[in-house]
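Visitor: Starting off with a structure, shown below.
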Amino acid sequence: MIKIYICPFSWHKEKTPSEEVLRMIKLSESKKSVLYISPSGRKAEEVKSSFSAECKTWGFYSLDRFINKILTGTGTGKYVDDKLKLILVTEILSSDEKYASLFNTSPGTVNVLSELLTDFKNYGFASDIPGLKKKLTALLDTYDRVTERALTSVDILEKYQATIQKLGFSDDVDRLSLAGALLGNNKTGYDILVLDGFFDVTAKQKEFFSPLIKNSKDTVLLHYEEDALEEIKGVQSDFLEFAKTLGKTSVVKIKRETDLRSLAAQKVTKALSLEAEVNGIAHHILDLKKNNTGYRDILVTFPSMFSYIPYVERIFPKYKIPFSTSVDRPYVSLQELLPVTLLLKCILEELPRRMVVDLINSPQLLAFDKVSRELISPASRKAGITGGFLQWEELAKRVKNEEPDYFEENLENIRMLESDLKKVFLALEGLNKNMDLLGFTKGLRKVLLLLKYSITDEEINKGFQELLNGMEKMLKLFKGRKNKPEENARLFLNILSKSHYKQEHSAPDSVRVLGVLDTRGLYSGHLFFGGLSDGDFPLKPKQEMIIPDKARKELGLVHFLRRIELQRLHFYRLLQGPRTGVYLSYPVQKDDKLVLPSNFLPEIIKPPAEQVKAAALTTEELQSKEGRTEGLSGLFFESSELTDKAKAEQYIRSVFSRNAEISVTAIDRYLDCPFVFYLEKILKLEILEEPKFEIESAAIGTILHNVMEGAFEPGKKIPEKIEEKIIRSVEAELKKTNLHEFWKDHIRNRVTLLLKRIIKQEQLIFEEYPHVYCVEKKGRFKLNNVDAAVKGRIDRVDNNEREFAVIDYKSGSGAKKYFDKTVKGESIQLALYARMIAVEQGRTCGGLCVYDLKEGRARFVKKEKVAELYDEALITAEKAVQSILNGDFPKKEGKGSNTCYFCAYAAICKKS
């Protein structure tokens, strides 16, 4: 006998419909045992907690756990989960040229193909391959390629089946079929079967439920529906119709005791971001707590749990809100697996600075010294490293050139850091080769051993080792195609993204934070339903690259419209569930992109919540409130002038070495803005902006500087050989870089375009200055009236018998501006460089030149202006250095200048 209870979405009692039905069974059939099965493990656990006394004779399971119970001790072989399925599909695609011509091995294609194979198996098509091909041929009569791809996917299914059978492995569908077969020959051991909340079921699930229901003396089905809701009235349950065919049925309808909750009457909060949304939910929860609502009476759900759970984990503890959650985290997101992810990304992106810094600082990698962990971030920033093997290899040289004092102070530590960086290079050398995925997996094991990789969490470590073992066992069956290092890294990252670790966080009296499907049917007084943005709920459909949606519908597979129907059903069921209130919300932006509200929501939406009006509850908020009370003046630094001149000079001299050697660029920085000089050079404040990889400015600029250095050497110039030298110098420089060939060709083309202009400019310079005196030369001279010295590095100096010209290369967009400032005397770099050469050479300065390598143009200051700039620069430098040593750091005059507008310190510099 099958008894069907038609339950309402809303109950508004102290029990859920599930608990009420089980209570009635307990009263009427007190001596009988009950087997309770729900689609959700959380639902089964919560119902179980209400019947703890009956747990000795009653069983409470989710469907997955019940299948595991049936299969315990049956020897089903290794379980093929999503990650192993991805590996298997990838290798199948690589094993035959026919597959490669129709499908690429990108993560997106492999994921879609894996899901399609699962659908084929779930709906019973794997047992009739010829029949499936016949149906697809009949349905797909539009394009030959569409038909070919669909039929080839069936061939891949056949090969997939043969492979896992050969290995003795089984996937979810195989386990379900085996469990159903075992049920056909055995009783469950319980008197009454209760199936709670099953709605859509596949053909293979029907094969499982059929013997389960037939072998049970009595079966109770709980089905949830609301005929009065027009929006979901036509959504039919496959499971309900299927169950009615299995035996004699009776229907009991449980009446709803209150009115349905109107969607139009609900307020929807539009939050400014995900963080603001979770903050708003936390504030509301605290308000409910003040009104004596228990934490256990509150449910929080998000369609995209993975996006929101990090905010919940950070914000709820800040407000001292206890919470329980259960979320499947991809391995790629786990802190313990971060070193593996970073290693793979270092292969993909050629050792980017941020990733190498994080890699060295990974606590799971025990091979690196503590000194290296502390030093790598500041040292690499001072060295101007953006990424690439060559830049990291030159770390010490770069630091020495840019910050010689810092280099001397940290020489031993920098050597230690270089030693640890070599371990990284050695590790990656073993993976940066063309090899198959099996070789790459074995190589990764060796790399992790070399870097002393250690995972303290036993469960995560066990799961990761099982992943590697399963991969190696499976991959041995294939003669794998050799992939480029980047392809292997990308494949492995995709596998980690599809490998999940169930992370649970529980507390006795706590707010439950669960996914949408786990939240259905749970008892609550209040529900916070966040993340209701278009694309997340309803979920944006995946592009069906293989079987068109119309054909899926004809085959009986789940299709797009059915997915939308089911999500709409879940939405309205959740809306009616809570006893007291529902709080709906969505963010206006996510991942720096604007988002639209879910089309399930009503059209009238509340504006973004003003979080500043909420009561200050955390230390952070109290401090913010206190700052606002004190007024804006507390936010700004005032102009600085150190009052004790003797102590100021003593300290500042120590900043610029004992001899007070101040660089030419530092003096220019002081002239530009004394206050910024004070913040950067004296207080040592830094704007922590990560170096960005910009091929134009970073790579081309450095390479062109080096090209010019290599093409010109001290001695008499030979104009007819300049072109040859530049071309040779370009190739020599490109050989040293690890740039992709595309960018190397781009640089060659760039130099080719500039070459004619450079040769023309060099011809003009040669006529007046036929000799090169020096390139990349360090210079220094003592000031006359101040006990200090000026130092700098000069790009190039050309000369004739009487005079010399200082040439400064500039490859960025600021060359023209730099030249204009030099002419006006606002920048004194060139003139001070000239004085360094004059002191050494005994000749007169005849030329100051800014050589724009971006345009291939040399701009010379007019000859009659040079002597004036040369003399004034010394006076200006002495005044500036004296002011620095005196501790005078006023704010720059000239409110509203471009320099101030783009200044990184504008937020703390309030001008009168």
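The values are calculated or read from the model by the stated rules, or taken from the named source; none is laboratory data. Only a predicted model underlies this, so the values are computations on that prediction, with no experimental measurement involved. Don't worry about glycine lacking a Cβ; one is built from the backbone with ideal geometry, like all the others, and counts go over all protein chains shown.
Visitor: From 181, 162, which residue is within 19 Å of residue 77 (Cα to Cα) and in the same structural domain as residue 34 (by TED's automatic domain parsing)?
Guide: 181
Visitor: Now a separate question. Go through segment 340-370 and give me each residue that's in a helix (DSSP H, G or I) and more than 27 Å from residue 457 (Cβ to Cβ).
Guide: Hits for segment 340-370 are 349, 353.
Visitor: Return yes or no: is residue 320 over 27 Å from the mean Cα position of the chain (by Cα) and either buried (at least 22 other Cβ atoms within 10 Å of the Cβ) or not in a helix (DSSP H, G or I) (or both)?
Guide: Judged against the criteria, residue 320 is a match.
Visitor: Please go through (1) over 30 Å from residue 494 (Cα atoms); (2) hydrophobic (A, V, I, L, M, F, W, C); (3) outside any helix (DSSP H, G or I) for residue 327 and return the number of the only condition it doesn't satisfy.
Guide: With respect to (1) over 30 Å from residue 494 (Cα atoms); (2) hydrophobic (A, V, I, L, M, F, W, C); (3) outside any helix (DSSP H, G or I), residue 327 is out only on (1).
Visitor: The conditions are (1) within 39 Å of the chain's Cα centre (by Cα); (2) over 30 Å from residue 233 (Cβ atoms), and residue 9 fails exactly one of them. Which is it?
Guide: (2)
Visitor: Against the condition in contact (Cβ under 8 Å) with a residue 40 or more places away in the chain, under 36 Å from the mean Cα position of the chain (by Cα) and either part of a strand (DSSP E or B) or over 26 Å from residue 246 (Cα atoms) (or both), how does residue 98 come out, does it pass?
Guide: yes
Visitor: Please go through segment 721-737 and give me each residue that is more than 14 Å from residue 711 (Cβ to Cβ) and surrounded by fewer than 16 Cβ atoms within 10 Å (Cβ to Cβ), ordered by number.
Guide: 735, 736
Visitor: Can you tell me which of 147, 202, 152, 245 is free of Cβ contacts under 8 Å to residues at least 24 places away in the same chain, under 26 Å from residue 562 (Cβ atoms) and surrounded by 15 or more Cβ atoms within 10 Å (Cβ to Cβ)?
Guide: Every option except 147 fails the conditions.
Visitor: Within segment 165-178, track down each residue that is touching a strand residue (DSSP E or B) at 6+ places or on another chain (Cβ under 9 Å) and at pLDDT below 90.
Guide: The one that is touching a strand residue (DSSP E or B) at 6+ places or on another chain (Cβ under 9 Å) and at pLDDT below 90: 169.
Visitor: While we're on this one: Going through 796, 748, 780, 843 one at a time, which residue ends up being exposed (fewer than 15 other Cβ atoms within 10 Å of the Cβ) and within 30 Å of residue 718 (Cβ to Cβ)?
Guide: One residue alone meets the criteria, 748.
Visitor: Run down 373, 354 and say which single residue is without any contact (Cβ under 8 Å) to a residue 40 or more places away in the chain and closer than 30 Å to residue 454 by Cβ.
Guide: Of the residues listed, the single one that is without any contact (Cβ under 8 Å) to a residue 40 or more places away in the chain and closer than 30 Å to residue 454 by Cβ is 373.
Visitor: Answer with yes or no whether residue 266 is crowded, with 16+ Cβ neighbours inside 10 Å and over 17 Å from residue 17 (Cα atoms).
Guide: So residue 266 fits the description; yes.
Visitor: Mind listing just one residue for me: the one in segment 1-17 that is at pLDDT 90 or above and not in a loop (DSSP other than H, G, I, E, B) and, of those, surrounded by the most Cβ atoms within 10 Å (Cβ to Cβ)?
Guide: The extreme case among them is 7.
Visitor: Ok, one more. Regarding segment 845-859, can at least one residue be identified that is modelled with pLDDT under 85, assigned by TED's automatic domain parsing to the domain that holds residue 760 and either over 22 Å from residue 765 (Cβ atoms) or aromatic (Phe, Trp, Tyr) (or both)?
Guide: So far as segment 845-859 goes, no, none of its residues is modelled with pLDDT under 85, assigned by TED's automatic domain parsing to the domain that holds residue 760 and either over 22 Å from residue 765 (Cβ atoms) or aromatic (Phe, Trp, Tyr) (or both).
Visitor: Here's a follow-up. Kindly establish whether residue 366 is hydrophobic (A, V, I, L, M, F, W, C), surrounded by fewer than 18 Cβ atoms within 10 Å (Cβ to Cβ) and within 30 Å of residue 735 (Cα to Cα).
Guide: So residue 366 does not fit the description; no.
Visitor: Restricting attention to segment 165-187, which residues are within 25 Å of residue 1 (Cα to Cα), surrounded by fewer than 20 Cβ atoms within 10 Å (Cβ to Cβ) and in contact (Cβ under 8 Å) with a residue 60 or more places away in the chain?
Guide: 182
Visitor: I've got another one for you. Sort through 587, 608, 548 and tell me the only one that's at pLDDT below 75 and either of a type in the set (Asp, Glu) or outside the structural domain of residue 124 (by TED's automatic domain parsing) (or both).
Guide: 608
Visitor: Pick out, from segment 379-481, the helices (runs of 4 or more DSSP H) lying fully within it that include 1 or more residues that are within 30 Å of residue 655 (Cα to Cα) and acidic (Asp, Glu).
Guide: In segment 379-481, 389-393, 395-402, 404-409, 411-429 are the helices (runs of 4 or more DSSP H) which contain 1 or more residues that are within 30 Å of residue 655 (Cα to Cα) and acidic (Asp, Glu).
Visitor: Given segment 791-901, what helices (runs of 4 or more DSSP H) lie entirely inside it while holding 1 or more residues that are of a type in the set (Lys, Arg)?
Guide: Passing ranges, in order: 815-824, 829-841, 863-886.
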